[in-house]
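Here is the structure we will look at.
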Amino acid sequence: MKDNVVALSVDSKKLRLYCLRMSDKILILGNGGIKDSRTYEESEELSGYVMDLQKFDELLKQAQENGSIYIEQNVITGIEEITFRV
């Protein structure tokens, strides 16, 4: 699955913050926690955060495809009017 989810290392790689990188100038912050496993898939908590961001990324792509929002280099236009249902 190709998505825009990225992990930021915090505090000597002991913490992870998961985000959506929409462009070089748009970063949507998600959630994170203590990295206590080799991969996020091995952590129930972290994998849940990543799955939430993946779903939100999918909803953003759908909204972009149907013309509800426009993602430009440094702005997302139209997102204020949308309610996302998971």
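Scanning the range 48-72 for residues that are more than 12 Å from the chain's Cα centre (by Cα) and of a type in the set (S, T, N, Q) yields GLN62, GLN64, ASN66, SER68.
Of the residues making up the range 49-65, those that are in contact with a strand residue (DSSP E or B) (Cβ under 8 Å, 6 or more places away or on another chain) and either within 15 Å of PHE84 (Cα to Cα) or outside any helix (DSSP H, G or I) (or both) are ASP52, LEU53, GLN54, PHE56, ASP57, LEU60, GLN64. Residues considered: VAL10, VAL6. Of these, the only one that is exposed (fewer than 15 other Cβ atoms within 10 Å of the Cβ) and under 10 Å from the mean Cα position of the chain (by Cα) is VAL6. Of the conditions (1) part of a loop (DSSP other than H, G, I, E, B); (2) at pLDDT 90 or above; (3) of a type in the set (Ser, Thr, Tyr), SER12 clears all except one; give me its number. The single condition SER12 does not satisfy is (2).
Of all residues in the range 40-54, exactly one satisfies the criterion of being hydrophobic (A, V, I, L, M, F, W, C) and exposed (fewer than 15 other Cβ atoms within 10 Å of the Cβ), namely MET51. Could you go through the range 36-48 and let me know if any residue there is under 24 Å from PHE84 (Cα atoms) and touching a helix residue (DSSP H, G or I) at 6+ places or on another chain (Cβ under 9 Å). Yes. Across the range 55-81, the qualifying residues are those that are buried (at least 17 other Cβ atoms within 10 Å of the Cβ) and not small (Gly, Ala, Ser), and the one among them that is farthest from LYS14 (Cα to Cα) is ILE69. Could you check, for the range 29-39, whether at least one of its residues is assigned to a strand (DSSP E or B), within 8 Å of the chain's Cα centre (by Cα) and surrounded by fewer than 17 Cβ atoms within 10 Å (Cβ to Cβ)? The answer is yes, given that some residue of the range 29-39 is assigned to a strand (DSSP E or B), within 8 Å of the chain's Cα centre (by Cα) and surrounded by fewer than 17 Cβ atoms within 10 Å (Cβ to Cβ). Scanning the range 36-51 for residues that are more than 17 Å from LYS2 (Cβ to Cβ) and without any contact (Cβ under 8 Å) to a residue 24 or more places away in the chain yields ASP36, SER37, ARG38, THR39, GLU42, SER43, GLU44, GLU45, SER47, GLY48.
The values are calculated or read from the model by the stated rules, or taken from the named source; none is laboratory data. Everything numeric here is computed off the predicted structure, so don't read it as measured data. A quick note on method: Cβ atoms are made from the backbone with ideal geometry, for glycine too, and the neighbour counts reach across all protein chains shown.
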